[in-house]
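Remarks on the structure that follows.
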Amino acid sequence: MREQLLTRHFLQRFLENDLVSPDSDRHDVLALVFSILLASTLFITVALSLKFMFMPLQSPGRTAMLATDDRMFFLTCSMIVMALVAVASWDALSLDPRDSSILGPLPVAHGVIVRAKLRAVALFAAGFALAVTAMPTVLHPPLMVAKLPIGLLTGLLLIPIHFVVAVAAGLFGFTTIVAVRETLRAVSGRHFARLSGIVQAVLIVALVTAFLLMPAVVFNAARSAATPGSSVTLLPPFWFLGAHETLAGGLVDGLPREELPPAVQRAEQRATADYRAAIPAFRGLAVRALIAFPAMMILAWSVYTWNSRRLPFPPVASRADQYAGSGLPARLVAGTLARTPAARAGFFFTVHCLIRSAPHRLVMAGCTAVALALAVATFQDAMGDRFDPRAPRMSGFNTQTLVLAILLAGFGHVLRLPADIRANRLFHLAWLGQKERYVDGVNRAALLIVVLPALLALLPAQALLFGMPMAAGHMLTGLLFGIVVLEAFAANPRLLPFANSYVRAPDLNTKGPVIGIASLFAISIFSSLEQSALGGPQPALIFWFSLALVFAALRYQRRRRARGEAVELPDVYPSEMARLDLTSAS
Amino acid sequence: MTAPLLEARHLVKRFHGIKVVDDVSFVVRPGEVVGYLGPNGSGKTTTGRMLTGLMEPSSGAVLFGGRSIGDDPVAYRRRLGYVPEEPALYSFLSGREQLQLIGRLREIPEDVLEHRMRALLQLFGLADAAEQSISAYSKGMKQKVLIIGALLHDPDVLIFDEPDSGLDVTAALVLRHLVDLLASRGKAVLYSSHVLEVVEKLCTRVIVLHRGRIVAEDTVDQLRTLMSHESLEQVFAQLVLETNPAQTARDIADVVAGHA
């Protein structure tokens, strides 16, 4: 009874997420998440299954080959989505100090609390695994074999096989994250609180990037698996594909072949040969899945129970936490990039928010992942088989601008997010209206930790593609582009980075697609202009000078407005504060 | 008598048409510690927020040095220190980083800020936890950060909203002496607290608020004499208590024991 009650309580904790606004109805959010999952998987399943429905003269060999790619897609998708779910619920995966302070004094055995938490985590994972795999399980196998001469029972057998393997793949993804988190917790001890956020952000970047690059990996999965020494078979989704094909592959491949026209017959024979050549590899991969799945479960369970042997309490201060003053990098920044107190406040507050505040960090991690996937896909395409480093080519020239636009769009969004609505009161009280210098600090921090790292990361690939002189010029353009965009963000008079309670964002439901298309169009024009300008030194200088001029104009406008503006508190008593229930009486 | 430094003039605050602060007027002079008392929900915190400029009154005005604080809010904020009731701090910053942010926003020169932070963190016993994330701080530690933050820029007006909440005995005693000392150095202090014993010893004058209205304002001695009571606690009880605390306590004990 108590365990059930606690399990329900812990399940609710999964909805107390930094990604969910405290204002929103948690049940609505849950319904929305599940409906998005079901609708998107339904759409994808139907889209992937259409090729079987409309395939003239469908045959077992070609079906088996095509279905392998689909299954690879579903299994990878299930694994990555489940891993992302685990990363998104990072803080709720284990007992925390708040649980200790509430449940610790109650007459509930420690084992009951731990078991309830484990059950809640398992139920949460199972619920999401079901939602992710339901549509592909129910729809894909029947639609795939609908036109094949397969018996009803054999056809139906494909459904539970798909279900078991896809759920196992999803749970493997989820459990891997739990194992990573708990191992980190076990080895990092009191430093876990600080490391945890960074690891979470890195995992988000890695998983979203993997998700976006997934189509490239799943293509021709059977041939990749059959290629001796192929490194892709080290990827866990291939192990589960091996398990799936070992269990279900023969059900389709083993169907009798019918008489087909010669051209189709040849394709069928080729597909059958390719598929059967991959069968030994599938068996080897299945063995890996068979070992890896329970091994990961045991690892996660062991380290989880080890960490749960006593209730966690907040770390106590030690000599390592003693007053240390500003470090050398901070003093360096204070002496160069942020020389006034307000600029320093803006600079360091931006760095702290982006790195340590969960909502800000998650947005930036998501944008970094999208930018990274885009860069990898474009450069991989540009450096195709026929790439010759001695003959630079310009394909992928707009990648840098696109990457910067994605990262800066994310940064533009996080500027609107309050660092902490209640703590902002103290910020407001200390605010002396020095917005210009504060924003300077914010922009310089963004240049240093958002724009420059992106440019430096892209430089080697661009130097290889376009040649070093062009890549250096391109990088300078990127820097100027970043400066101009950041200055444009500062033009919003109502925006005080990280300190507003609420700044209305453009209505993305209606304006989003228009803004997106317009941005792509603008980036394309900008890249074309840049590419022609970088053809010679004089046009390049004129181009950069023009960008500097745009920046100067925006900056002048901001200064002029700052001089004319009455110095107000950022947002004292706006109606939005009432909306956020901040105006309660004492 | 010195001119008032801070003045609340006919302050009214309504939430959804309900008056939570109703025609509140008082002054705080340099060198004075004014106690601001009242039961939960009486409007103390709302008054505090209006006095700091964080909340706009529905009507009435807050004057600083005879001028409305809206005339030059920055000048007012430069000379105001505020310890809010709830310890809302940026949980992802360390104590040092929180104070550094506040100090820099207040444009305190870096060397002065560094010196004051180091000294105050040491004196408040927080030096050992200065680099630790605030999320791991106890309520008392957070309260100390708030108090240091309010004092960093050496303000002329201090508004303390239940500053002793969560503080240990030593820190509470230090705070009491500190408030006394600050007043003796010419600061104007508004001190809101539920610890009547402290208010009795510390405050030159006391304002008692009940249901948003001032029900008494005088020196502690004068209030005691007027109401024929020996302690401020008895005066307070007579002014604002609507139930008999002893009877309520008995009722609670009976409910707990299952007799009721």
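The values are calculated or read from the model by the stated rules, or taken from the named source; none is laboratory data. These numbers come from a predicted model, not from an experiment. Quick reminder, even Gly has a Cβ in these numbers, built from the backbone with ideal geometry, and neighbours come from all protein chains shown.
Which numbered condition in (1) modelled with pLDDT under 90; (2) surrounded by fewer than 21 Cβ atoms within 10 Å (Cβ to Cβ) is the only one that B:Gly140 fails?
(1)
Could you check the range A:34-73 and list, in sequence order, the residues that are surrounded by 14 or more Cβ atoms within 10 Å (Cβ to Cβ) and free of Cβ contacts under 8 Å to residues at least 12 places away in the same chain?
Passing the criteria: only A:Ser40.
Report, by residue number, each residue of the range B:8-65 that is of a type in the set (D, E, K, R) and in contact with an Asp or Glu (Cβ under 8 Å, 6 or more places away or on another chain).
The one that is of a type in the set (D, E, K, R) and in contact with an Asp or Glu (Cβ under 8 Å, 6 or more places away or on another chain): B:Lys44.
Among the residues of the range B:106-121, are any buried (at least 17 other Cβ atoms within 10 Å of the Cβ), hydrophobic (A, V, I, L, M, F, W, C), over 25 Å from B:Val179 (Cβ atoms) and within 7 Å of chain A (Cβ to nearest Cβ)?
no
Under the condition of being in a loop (DSSP other than H, G, I, E, B) and not aromatic (Phe, Trp, Tyr), which residue from the range B:122-132 is farthest from the other protein chains (Cβ to nearest Cβ)?
B:Gly125
Could you check the range A:391-498 for helices (runs of 4 or more DSSP H) lying wholly inside it with 1 or more residues that are surrounded by 23 or more Cβ atoms within 10 Å (Cβ to Cβ) and away from chain B (no Cβ under 14 Å)?
In the range A:391-498, A:399-416, A:435-446, A:452-466, A:468-489 are the helices (runs of 4 or more DSSP H) which contain 1 or more residues that are surrounded by 23 or more Cβ atoms within 10 Å (Cβ to Cβ) and away from chain B (no Cβ under 14 Å).
How many residues does the range A:408-451 hold that are of a type in the set (S, T, N, Q) and under 18 Å from A:Gly482 (Cα atoms)?
The total comes to 1.
Restricted to the range B:89-105, and to residues that are touching a Pro at 6+ places or on another chain (Cβ under 8 Å) and within 7 Å of another protein chain (Cβ to nearest Cβ), which residue is surrounded by the most Cβ atoms within 10 Å (Cβ to Cβ)?
B:Arg104
Of all the residues that make up the range B:133-153, how many are free of Cβ contacts under 8 Å to residues at least 40 places away in the same chain and within 12 Å of chain A (Cβ to nearest Cβ)?
2
Pick from A:Leu143, A:Leu157: which is assigned to a helix (DSSP H, G or I) and crowded, with 17+ Cβ neighbours inside 10 Å?
A:Leu143
Here are the criteria: (1) crowded, with 16+ Cβ neighbours inside 10 Å; (2) at pLDDT below 50; (3) part of a loop (DSSP other than H, G, I, E, B). Tell me which single one A:Met577 does not satisfy.
Of the numbered conditions (1) crowded, with 16+ Cβ neighbours inside 10 Å; (2) at pLDDT below 50; (3) part of a loop (DSSP other than H, G, I, E, B), the odd one out for A:Met577 is (3).
Taking interchain pairs and intrachain pairs at least six residues apart, which have beta carbon atoms under 6 angstrom, with the first residue in the range B:62-87 and at pLDDT 90 or above and the second assigned to a loop (DSSP other than H, G, I, E, B)?
Going by the 6 Å Cβ cut-off, the qualifying pairs are B:Val62/B:Ile69; B:Ile69/B:Gly53; B:Tyr76/B:Ile69; B:Arg79/B:Pro155; B:Arg79/B:Asp156; B:Leu80/B:Pro155; B:Gly81/B:Pro155; B:Val83/B:Pro163.
Out of A:Gly170, A:Gly155, A:Gly127, report the one residue that is closer than 30 Å to A:Arg361 by Cα, of a type in the set (Gly, Ala, Ser) and touching a helix residue (DSSP H, G or I) at 6+ places or on another chain (Cβ under 7 Å).
Residue meeting the stated conditions: A:Gly170.
Any idea which of (1) more than 22 Å from A:Arg339 (Cβ to Cβ); (2) facing chain A (nearest Cβ under 7 Å); (3) not in a strand (DSSP E or B) is the one B:Tyr82 doesn't satisfy?
B:Tyr82 satisfies every listed condition except (3).
State whether one or more residues within the range A:165-185 are without any contact (Cβ under 8 Å) to a residue 12 or more places away in the chain, assigned to a helix (DSSP H, G or I) and over 23 Å from the mean Cα position of the chain (by Cα).
For the range A:165-185, residues without any contact (Cβ under 8 Å) to a residue 12 or more places away in the chain, assigned to a helix (DSSP H, G or I) and over 23 Å from the mean Cα position of the chain (by Cα): absent.
Residues checked against (1) within 8 Å of another protein chain (Cβ to nearest Cβ); (2) of a type in the set (S, T, N, Q); (3) not in a strand (DSSP E or B):
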{"site": "B:Pro4", "(1), (2), (3)": "no, no, yes"}
{"site": "B:Arg9", "(1), (2), (3)": "no, no, no"}
{"site": "B:Lys19", "(1), (2), (3)": "no, no, no"}
{"site": "B:Asp22", "(1), (2), (3)": "no, no, no"}
{"site": "B:Val34", "(1), (2), (3)": "no, no, no"}
{"site": "B:Pro39", "(1), (2), (3)": "no, no, yes"}
{"site": "B:Pro57", "(1), (2), (3)": "no, no, yes"}
{"site": "B:Arg77", "(1), (2), (3)": "yes, no, yes"}
{"site": "B:Pro87", "(1), (2), (3)": "no, no, yes"}
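Need at least 2 residues that are of a type in the set (Phe, Trp, Tyr) and modelled with pLDDT of 85 or more per element, so show me which helices (runs of 4 or more DSSP H) inside the range A:244-353 make the cut, counting only ones lying wholly within it.
A:262-307
Any chance the range B:48-62 includes a residue that's in the same structural domain as B:Lys19 (by TED's automatic domain parsing), among the charged types (D, E, K, R) and within 20 Å of the chain's Cα centre (by Cα)?
Yes; the residues of the range B:48-62 include at least one that is in the same structural domain as B:Lys19 (by TED's automatic domain parsing), among the charged types (D, E, K, R) and within 20 Å of the chain's Cα centre (by Cα).
Might you check whether a residue that is surrounded by fewer than 21 Cβ atoms within 10 Å (Cβ to Cβ), closer than 22 Å to A:Val29 by Cβ and of a type in the set (Asp, Glu) occurs anywhere in the range A:82-96?
Taking every residue of the range A:82-96 in turn, at least one turns out to be surrounded by fewer than 21 Cβ atoms within 10 Å (Cβ to Cβ), closer than 22 Å to A:Val29 by Cβ and of a type in the set (Asp, Glu).
Report whether or not A:Thr76 is within 22 Å of A:Arg270 (Cα to Cα), polar (S, T, N, Q), in contact with a helix residue (DSSP H, G or I) (Cβ under 9 Å, 6 or more places away or on another chain) and crowded, with 22+ Cβ neighbours inside 10 Å.
When the stated conditions are applied, A:Thr76 does not pass them.
Which condition from (1) surrounded by fewer than 16 Cβ atoms within 10 Å (Cβ to Cβ); (2) closer than 30 Å to B:Ile18 by Cβ is the one that B:Ile69 breaks?
Condition (1) is where B:Ile69 drops out.
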